[in-house]
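Right, one structure below, let's go through it.
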Amino acid sequence: MATQDSYVVRCMNCGTKNRVPADKVDISAKCGKCGSPLNTEDLGNAHPAAVTDGNFDTQVLKSPLPVLLDCWAPWCGPCKMVGPIMDELASEWRGRVKVCKLNVDENPIMGSKFQIRSIPTLLIFDNGRLMETLVGAVPKEQIIQTMARFL
Ligand SMILES: [Zn+2]
């Protein structure tokens, strides 16, 4: 797999997108506009991150990358089709998109905040805002198409 030579990281202080060379990610990267430190800790993550009611703000709303959030539950059959796609996308989009999973049974606050009435539901966040909603076990191609403008 080709390694990325740079990453696009949003500054969560001023909202500016910064391009960070891969060899600068480990040292403290700063926003070119306001000088705030950039959050680069998620860039190496190739697996979906577990999001809860408790860590939603830091994991999703303050993410320096666009977020693809899979809202699911263990008893849900169609969710089992989407789960492996999330694993693949987390690996394929490593450093570009933060792929997350929210168990709606264990985290009812976020489930009701975003009015999730059927699962699986995929929510796309960018810069702390909900941008897109995909309801149902949508094919991987459709997820990729919907995410295209955030990549
Ligand atoms: Zn900034």
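Okay, residues lined up against (1) polar (S, T, N, Q); (2) modelled with pLDDT of 95 or more; (3) not assigned by TED's automatic domain parsing to the domain that holds G15:
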| site | (1), (2), (3) |
| --- | --- |
| S63 | yes, yes, yes |
| D70 | no, yes, yes |
| P78 | no, yes, yes |
| I85 | no, yes, yes |
| S91 | yes, yes, yes |
| I116 | no, no, yes |
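For D57, state whether it is farther than 26 Å from V20 by Cβ, of a type in the set (D, E) and assigned by TED's automatic domain parsing to the domain that holds V135. Considered against the rule, which asks whether it is farther than 26 Å from V20 by Cβ, of a type in the set (D, E) and assigned by TED's automatic domain parsing to the domain that holds V135, D57 comes out as no. If you go through region 6-22 and pick out every residue that is over 20 Å from M131 (Cα atoms), within 12 Å of the ligand (Cβ to nearest atom) and hydroxyl-bearing (S, T, Y), you end up with 0. When we screen W75, W93 for residues that are over 16 Å from the mean Cα position of the chain (by Cα) and aromatic (F, W, Y), the only hit is W75.
The values are calculated or read from the model by the stated rules, or taken from the named source; none is laboratory data. What you see is a predicted model, and the numbers here were worked out from it, not measured in a lab. Counting neighbours? That spans all protein chains shown, and the Cβs are built from the backbone with ideal geometry, glycine included.
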